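Input: a single structure, listed below in structure tokens.
The values are calculated or read from the model by the stated rules, or taken from the named source; none is laboratory data. Since we're looking at a predicted model, the values are computed, not measured. Cβ coordinates were reconstructed from backbone atoms using ideal geometry, including for glycine residues, and neighbour counts include every protein chain displayed.
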Amino acid sequence: MRSMRDRFRFDGISGSSADVAKMSVLLWRPTSSYTDFAAEPLLKWQNIKSLTHGMNNMTEANLQSQKAAPKGYWIVLASVLDMARFGTYTAVAGPLLASFGGRVLARGNVMMVAEGSAAGRPYLVEFPSYEIAQACFNSAGYQEAIKLRDGIAKFDILITEGFVPEA
């Protein structure tokens, strides 16, 4: 019993590799152990620290204008060709997006094309700013993740700035 408890505590719930791949696709992130879960805040802090390096001399006016800055978005149309292998991409891309503050707002499990055409399943990913959305896409980590979906999925990704209406 003790060894079962320790395995759960250190490894988390484990399933077959097919079940793990399915869950990763459904959640748009990998399943993880408790150790990975506990390490996530540290990784986010390190990423934020690297993004803000050299910004310690910002004035209060700059900070206020940044708070009101519009968010950044990825509009993604994904055509998955091999769902079984797509989990390898999502296992890497999901945590990477989260480390840049990205969160998936919409995923086209249920959708209809009301006008025109859509080549793929839509995703909407929100980032704290347009610059961070670009930085995430251009990061070495995401460029490596793109290679993982080669031959498995085709993506069209638009990076756009959100809109903040005048008060």
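Odds and ends about this structure:
- Candidates are the residues of region 102-128 that are more than 22 Å from residue 91 (Cβ to Cβ) and either aliphatic (A, V, I, L, M) or buried (at least 17 other Cβ atoms within 10 Å of the Cβ) (or both); the one that is modelled with the highest pLDDT is 128.
- If you go through region 114-157 and keep only what is without any contact (Cβ under 8 Å) to a residue 40 or more places away in the chain and among the basic types (Lys, Arg), you end up with just 147.
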